[in-house]
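FYI, it's all coordinate maths here, none of it is from the lab. Quick caveat, the model's predicted, so the values are computed rather than measured. Cβ coordinates were reconstructed from backbone atoms using ideal geometry, including for glycine residues, and neighbour counts include every protein chain displayed.
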Ligand code: 13P
């Protein structure tokens, strides 16, 4: 049985004071057994957030990126081992904002996936098509290539450390959510890809999240889809009430 999984991606938002208050609100809440909540915050808050969330076994801490090297002369970068040393358990990789603004290719993301798995951390791997690709009906082809090029080299046992987030880029921060049918269609395709690539156990046990303008008013319908196991939440994860409502959905 797959767990239910909701991760908040704060992106480059919130002061330290706001972030600590928000994570206190999330950590003091009780969640149903089998619900995994992850708070993906800016690097500099992770150390303290990990202490706050350690009181709640349903809640973990995640980073939003890392470097692919183990250590070395990479001014301004952060290694997976450093994130691990402050209590980080998950790292988001391949987010469309990293792909678009920082030139991350499938090949760079593949190296980062390997670096994170080498440290024994877990990956929230993002994939998704841009509007133009959706309008020309190429969404399945694009997502499959992202999966193949960044994850295709892994074995089934490494896949246990991965969560996949389908985030159609046209739905991120736009208020334009994918319909539950559109989400289910791609989630199903991802699960079939997992089955073909790693076998049916991996396909059955991998969490596939939806991300893109997910909010309290649409979370329940999206999460009711057979292959939607939860969400990766941007804007609505910045408010305790909204985020908790989404988790409860
Ligand atoms: P929004 O929920 O703000 O659309 O962001 C989604 C996202 O990019 C999460 O990683």
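Starting from one equal scatterer on each C-alpha and no solvent at all, send me the Debye-based log10 I(q)/I(0) for the chain at q = 0.09, 0.13, 0.14 Å⁻¹, two decimals. Here log10 of I(q) over I(0) equals -0.34, -0.75, -0.88. With one equal scatterer per alpha carbon and no solvent term, the Debye-computed log10 I(q)/I(0) for segment 1-108 at 0.10, 0.13, 0.18 1/Å reads -0.31, -0.51, -0.92.
Note down, for segment 169-221, the three equivalent ellipsoid semi-axes (square root of 5 times each alpha carbon gyration tensor eigenvalue), biggest first, whole angstrom.
Working: eigenvalues 125, 23, 15 Å².
Gyration-tensor ellipsoid for segment 169-221: 25, 11, 9 Å.
Sorted fewest first by neighbouring Cβ atoms within 10 angstrom, 111, 118, 181, 227 come out as 181, 118, 111, 227.
Cα centroid separation, segment 1-68 to segment 76-133: 17 Å.
Take each of the peptides 34-47, 140-153, 66-79, average the number of other beta-carbon atoms within 10 Å over its residues, and list them starting from the highest.
On the way: 34-47: 20.1, 140-153: 17.1, 66-79: 13.0.
Averaged packing, sorted descending, gives the order 34-47, 140-153, 66-79.
Taking the square roots of five times each eigenvalue of the Cα gyration tensor of segment 95-174, the equivalent ellipsoid has semi-axes of 23, 13, 11 Å, listed largest first. With viscosity 0.692 mPa s and temperature 37 °C, the Kirkwood radius over alpha carbon pairs of segment 118-249 converts through Stokes-Einstein to a diffusion coefficient of 218 µm²/s. May I have the convex hull volume per residue, in Å³, for the Cα set of segment 137-199? So the per-residue hull volume is 94 Å³.
Pair-distance distribution of segment 46-102: all C-alpha pairs, bin width 5 Å, starting at 0; shares per bin in whole percent are 4, 18, 24, 21, 18, 10, 4, 0.
In what sequence, highest mean first, do 171-180, 204-213 appear when ranked by Cβ atoms within 10 angstrom?
Sorting 171-180, 204-213 by mean packing, highest first, produces 204-213, 171-180.
Across segment 1-54, Cα-Cα pairs farther apart than 17 Å form 35% of the total.
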